[in-house]
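So the structure is just underneath, and the comments pick up after that.
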Amino acid sequence: MRIVSCIQNSFQEYEDHISLVLFCFGCNLRCCGCYNYPVISNPDNIQGTAKEFIDEKLTPLDDAVVFLGGEPTVWSNDLPGDVSYAKSKKRLVKIYTNGTNPSTVKELNKLHLVDSYSVDLKTVTNSPKYLRPSKPMSTDEYLMLVDETIRNIVEARVPVEIRTTSWKELEDLDKTKKYVSEHYPDVKHIMQKDFRDNMSKLGEED
């Protein structure tokens with residue numbers, strides 16, 4: 001897996017843990033509200049492999065490694081080995097995923113490699129408009145893939161949370177909240193602010 005950036009000693013991405021956060025290159029979606037797409041889509045930003053970052057950036061303070069994106073599961077051939085390498089360092093592993101590659105998640109759970117997941121459920125309507133997938137994908141197809149991912153994680157008894165970002169472009173936040181509460185009543189649903197708001201404020205301060 002190729003990595004474009006990292007955060008050391010983070011308190012945010014894995015609740016109650018200090019983690020090394022790795023941002024992988026590449027994603028199979030181009031979401032309308034993605035603040036990070038120019039970074040994770042440009043191969044010139046690749047700084048090394050996941051294993052190299054773990055060797056160089058992991059500190060004694062870190063009790064976990066978090067794989068973010070981009071989308072980690074697009075690296076289906078590399079991800080199990082990279083996660084296993086993090087586990088060999090006696091660290092917990094959390095993966096953030098958009099849920100559209102359930103087969104990769106199933107393989108990870110079959111090998112008992114992941115300690116926690118965050119599944120980003122983007123929207124429940126007009127997904128091509130909001131997600132702009134690299135391959136044609138209807139809303140029903142998108143939700144079917146995400147559902148398969150979440151249910152496999154739940155069946156594997158791995159802790160999981162669902163996240164939804166309140167993009168300005170979205171028109172169905174209430175529908176999304178209702179969908180999650182009806183389909184996954186026992187899974188924590190986190191509503192995130194649009195990250196671009198924070199970036200705008202930082203720009204104003206500069």
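Every residue in the range 112-130 that is modelled with pLDDT under 85 and within 15 Å of residue 99 (Cα to Cα), please. So that I can check it myself, show each step before the final result.
Looking only at the range 112-130, we keep the residues that are modelled with pLDDT under 85, and these are 126-130.
Result: 127, single match.
I'm checking my understanding of the structure. Among residues of the range 140-166 that are hydroxyl-bearing (Ser, Thr, Tyr) and touching a Leu at 6+ places or on another chain (Cβ under 9 Å), which one is farthest from residue 103 (Cα to Cα)?
As a first pass, look at the range 140-166 and keep what is hydroxyl-bearing (Ser, Thr, Tyr): 142, 149, 164-166.
Checking the rest, the ones that are also touching a Leu at 6+ places or on another chain (Cβ under 9 Å) come to 142, 164, 166.
Working: 142: 14, 164: 22, 166: 28 Å.
Residue satisfying both the conditions and the ranking: 166.
Return the pair list, or none, for Cβ contacts closer than 8 Å from residues in the range 144-170 that are closer than 14 Å to residue 104 by Cα and at pLDDT 95 or above to residues that are aromatic (Phe, Trp, Tyr) and part of a loop (DSSP other than H, G, I, E, B), at least 6 apart or on different chains.
150/184
So which of 87, 129, 106 ends up being in a helix (DSSP H, G or I), more than 30 Å from residue 182 (Cα to Cα) and charged (D, E, K, R)? Steps first, please.
Values: 129 fails: more than 30 Å from residue 182 (Cα to Cα); 106 fails: more than 30 Å from residue 182 (Cα to Cα).
Within the list 87, 129, 106, the selection yields 87.
Of all residues being of a type in the set (Ser, Thr, Tyr) and touching a residue at least 24 places away in the same chain (Cβ under 8 Å) in the range 132-143, which is surrounded by the most Cβ atoms within 10 Å (Cβ to Cβ)? Just the residue, please.
My answer is 142.
Here are some residues: 129, 106, 57, 90. Which one is surrounded by fewer than 21 Cβ atoms within 10 Å (Cβ to Cβ) and free of Cβ contacts under 8 Å to residues at least 12 places away in the same chain?
On the way: 129 fails: free of Cβ contacts under 8 Å to residues at least 12 places away in the same chain; 106 fails: free of Cβ contacts under 8 Å to residues at least 12 places away in the same chain; 57 fails: free of Cβ contacts under 8 Å to residues at least 12 places away in the same chain.
After ruling out the rest, the residue left standing is 90.
Could you list, in sequence order, all residues of the range 15-41 that are modelled with pLDDT under 90 and not in a loop (DSSP other than H, G, I, E, B)?
Result: 37, 38.
With the requirement that a residue be β-branched (Val, Ile, Thr) and either over 19 Å from the mean Cα position of the chain (by Cα) or within 16 Å of residue 11 (Cβ to Cβ) (or both), what does the range 47-65 give you? Quick ask: steps written out before the conclusion?
Within the range 47-65, the first condition is being β-branched (Val, Ile, Thr), and the residues that meet it are 49, 54, 59, 65.
Scanning the range 47-65 gives 59, 65.
Looking at (1) modelled with pLDDT under 95; (2) among the polar types (S, T, N, Q); (3) buried (at least 17 other Cβ atoms within 10 Å of the Cβ), which one does residue 12 not meet, given that it meets all the others?
(3)
From the list 66, 74, pick out the single residue that is modelled with pLDDT of 95 or more, under 29 Å from residue 123 (Cβ atoms) and touching an Asp or Glu at 6+ places or on another chain (Cβ under 6 Å). Full working, then the answer.
On the way: 74 fails: touching an Asp or Glu at 6+ places or on another chain (Cβ under 6 Å).
Exactly one of 66, 74 is modelled with pLDDT of 95 or more, under 29 Å from residue 123 (Cβ atoms) and touching an Asp or Glu at 6+ places or on another chain (Cβ under 6 Å), namely 66.
The values are calculated or read from the model by the stated rules, or taken from the named source; none is laboratory data. If you're wondering where the values come from, they're calculated on a predicted model, not measured in any experiment. Neighbour counts are summed over all protein chains in view; Cβ atoms, including those assigned to glycine, are modelled from backbone coordinates with ideal geometry.
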